[in-house]
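Report on one structure; see the data block that follows.
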Amino acid sequence: MKTLSTYLIIILFTGVFVTKTSAQEWSREQMEVLKATQTLYEYWANRNLESYMSSTHKDFSGWFGNEPLPVNKNLLQKWEGFWLKDVKVLIWEIQPVSITVSGDVAVIHHFLITVREDEKGKSTVSSKYTDVYKKENGKWMNIASCGGKITEN
């Protein structure tokens, strides 16, 4: 009985914490950055490499997963184009953790959950990322990204 009570307390606490973080209110500027991030992933999930790259800043730098070195925009296009040929994203969701906006620069920390399908079958991948955006001509452009998989099953 004590074990059951402990589990119930943990579940209730976790539920309150998750509700609190997901119910966070964002400013107008923070919402713009979140929308830019969601749009970028929508392009990616739909294999729309042209639109994905047009939302990526010319001076982009990213460091992903276990890669030994960061990539620039040209290498990002090469590798994403290769990867997207073989992997289909069935569903995805972004869970923002924090969004900081300072003038024309913004940083968003978020989790990305995807269900993917490739020649091996379906898998659920949880990842975490830090993305940096720069606002140019009224549009938030992804200028830097760092992160990768946490779990895959």
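Taken together, the values in this text are just the output of simple stated rules run on the coordinates, not laboratory data. Only a predicted model underlies this, so the values are computations on that prediction, with no experimental measurement involved. When we count neighbours, we look across all protein chains shown, and the Cβ atoms used for this are built from the backbone with ideal geometry, even at glycine.
Pairs of lysine in the stretch 82-153 with Cα under 18 Å and at least 8 positions apart or on different chains: total? Final tally of qualifying lysine pairs is 8. Legend: ranking of residues Ile113, Ile99 from fewest to most surrounding C-beta atoms inside 10 Å; resulting order Ile113, Ile99. Take the Cβ-Cβ distance between Lys122 and Ser61 as r, set R0 to 25 Å, and report the resulting FRET efficiency rounded to the nearest 0.05. Approximately 0.20, to the nearest 0.05. Amide hydrogen proximity for Ile143: with H placed 1.01 Å from N in the peptide plane, the residues at 5 or more positions away or on another chain lying under 5 Å are His57, Val132, Tyr133, Lys134. For the stretch 48-153, a crude dipole built from +1 on the beta carbon of Lys and Arg and -1 on the beta carbon of Asp and Glu, taken about the Cα centre, is about 60 debye to the nearest 20. Of all aspartates and glutamates in the structure, those lying under 16 Å Cα to Cα from Lys78, and not within fewer than 8 positions of it along the same chain, are Glu50, Asp59, Glu67, Asp86. For the stretch 26-152, report the translational diffusion coefficient in µm²/s to the nearest whole number, using Stokes-Einstein at 4 °C, 1.567 mPa s, and a Kirkwood Rh over Cα pairs. For these conditions, the coefficient is 87 µm²/s.
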